[in-house]
Amino acid sequence: MLTGKRIVLGVSGGIAAYKAVEVCRRLVDAGAHVVPVMTRGAEHFLGRTTLSALASEPVQTELWDAAEPIPHTRLGQTADLILVAPATARVLSAYATGLSTDLLTNTLLATRAPVVVCPAMHTEMWEHPAVVDNIATLRRRGVHLVDPESGRLAGGDVGAGRLAAPERIVAAVERVLGPADLAGARVVVSAGGTREPIDAVRVIANRSSGKQGIAIARAAADRGAEVTLVSTVPTPGLTGARPEIRVVDVETAADLEAAMSAHSRSADVVVMAAAVADFRPKAVADRKLKKADGPPEIVLEPTPDILAGLGATKRAGQVLVGFAAETDDLVANAERKLRAKHLDLIVANDVGAPGVGFQHDTNAVTLLTPGADPRTIGLTGKDDIAHAVLDAVVEIRSAARTELAHPTT
Ligand code: PMT
């Protein structure tokens, strides 16, 4: 997939710079022509000779001393992709604000090629509002982010901010340069937890942040799909910024049911990642209930099972994906939901396990399809889970096309 692709590998100054060597080796092994660019900071952590020896060309660092008179534009103009691994807080900030201070940041501005950025830094920096804003800005502009992992950091600290593993980075590059395997597909994704009103100010809610559903919407758009994201949570990084993602805001299970049934009618793929309340108050007070009146007696009624409804009315060729949030008997419970709701795929997550499910940036899932062995994906970023789910969707679609062309019975 990477044969003949020209990849500028930008390495900035963090302890994770040594991992760029492995990333470089894997890219070259996969057939890419790797053009290495190091910042001055990176040279404190990694010898030029090491990277030059493994890349397809010698390392470049300076705007002014190259044989090429204008390397800052040539590198970006001739690249098929620019990869920055690791990307420090400084490089992210420069890129987000359009500041060109060295060869790498110039190259990032002087290109129309896709850019994959792999941040790595200490947890305090990664969680700083300035860095969070810069990441959101870059995502909004269509930059592909490979989120860092949690683990051991420089100086023995442990936390979020460790550079993603080289195989994740190379897989992200392959995805960006690979065929748009959902081109033209209409994908509807739900995200977030529903909120069911009790009175004018209070709701019954759940812990869903919408991160997993939003990651699926973004990944589907990256793979060429036309996406409708039905969301209970705000999506500032998407609304208006990614024209291929239409966002429909909802709040309650009833809103979500109406939106899903309207938008899924013409969809090729429907993914229910939202956490829907199973019960809602039967009567909703139109004013704020007074504390002085004592605890209210709230009578609950079941909400509609939206996914089961979509399964019952699914049209031929549509791929329907559900999630199962379980705390015990993960596979048995998910299999039951797969069958009962007539799904093509269910994504089971053990939401009682550390780092899995609600609110985390990570997830671990088991993918179940009718008649096939379960496939487990260990703890990784929600973007990776999203792509694994979509890989399975693509497989289901292509098996259905083959069956249509060459029926087995
Ligand atoms: O949003 P995050 O913080 O990133 O967390 C992600 C997640 C944990 C919410 C997500 O990975 C997940 O598991 N979503 C499904 C949660 C859920 O409601 O699971 P469930 O096992 O209760 O429901 C099974 C399926 O039926 C789900 O696809 C659900 O969307 C659907 N359902 C459930 C109830 C209902 N009334 N209508 C439905 O359609």
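The values are calculated or read from the model by the stated rules, or taken from the named source; none is laboratory data. Just so it is clear, the structure is predicted and the values come from calculations on it, not from any experiment. Because the Cβ atoms are built from the backbone with ideal geometry, glycine has one as well, and the counts that use them run over all protein chains shown. Surface accessibility is based on the protein's heavy atoms, side chains included, excluding ligands, DNA and RNA. Shrake-Rupley method; radii C 1.70, N 1.55, O 1.52, S 1.80 Å.
Where the second residue is open to solvent by 40 Å² or more (accessible area, probe 1.4 Å) and not in a strand (DSSP E or B) and the first is among the β-branched types (Val, Ile, Thr) and lies in the stretch 174-189, which pairs have Cβ atoms under 7 Å and are six or more apart or on separate chains?
VAL176/PRO114; VAL188/HIS263
Can you tell me which condition ILE306 does not meet? The list is (1) closer than 15 Å to GLY213 by Cα; (2) crowded, with 20+ Cβ neighbours inside 10 Å; (3) of a type outside the set (Gly, Ala, Ser), and all the others hold.
Only one criterion in (1) closer than 15 Å to GLY213 by Cα; (2) crowded, with 20+ Cβ neighbours inside 10 Å; (3) of a type outside the set (Gly, Ala, Ser) is unmet by ILE306, namely (1).
Only helices (runs of 4 or more DSSP H) wholly contained in the stretch 10-100 count here; list those with 1 or more residues that are assigned by TED's automatic domain parsing to the domain that holds ALA171, more than 26 Å from the chain's Cα centre (by Cα) and in contact (Cβ under 8 Å) with a residue 24 or more places away in the chain.
48-54, 71-78
Can you tell me which residue is least open to solvent (accessible area, probe 1.4 Å) among those in the stretch 268-293 that are within 30 Å of ILE214 (Cβ to Cβ) and away from the ligand (no atom under 16 Å from the Cβ)?
Only one residue fits best here, namely ASP268.
Results for (1) buried (at least 24 other Cβ atoms within 10 Å of the Cβ); (2) not hydrophobic (A, V, I, L, M, F, W, C), shown as yes or no for each residue.
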site	(1), (2)
GLN212	yes, yes
ILE216	yes, no
THR235	no, yes
ARG246	no, yes
HIS263	no, yes
PRO295	no, yes
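In the stretch 296-408, which helices (runs of 4 or more DSSP H) lie fully inside it and hold 1 or more residues that are within 13 Å of the ligand (Cβ to nearest atom) and under 30 Å from ALA283 (Cα atoms)?
Ranges flagged: 306-312, 330-340.
Taking the stretch 218-231 only, how many residues are modelled with pLDDT of 95 or more and open to solvent by 30 Å² or more (accessible area, probe 1.4 Å)?
So the count comes out to 1.
What are the pairs, 6+ residues apart or on separate chains, where a residue within the stretch 133-144 that is modelled with pLDDT of 90 or more has its Cβ under 6 Å from a residue that is part of a helix (DSSP H, G or I) and small (Gly, Ala, Ser)?
Hits for this filter: ASN134/SER93; ASN134/ALA96; THR137/ALA96; LEU138/ALA96.
I'd like the full set of residues that are assigned to a loop (DSSP other than H, G, I, E, B) and either free of Cβ contacts under 8 Å to residues at least 40 places away in the same chain or over 14 Å from VAL189 (Cα atoms) (or both), limited to the stretch 211-234.
Residues satisfying the conditions are ARG223, GLY224, PRO234.
Scan the stretch 178-210 for residues that are within 11 Å of the ligand (Cβ to nearest atom), open to solvent by 10 Å² or more (accessible area, probe 1.4 Å) and over 20 Å from PRO302 (Cα atoms) and jot them down.
SER209
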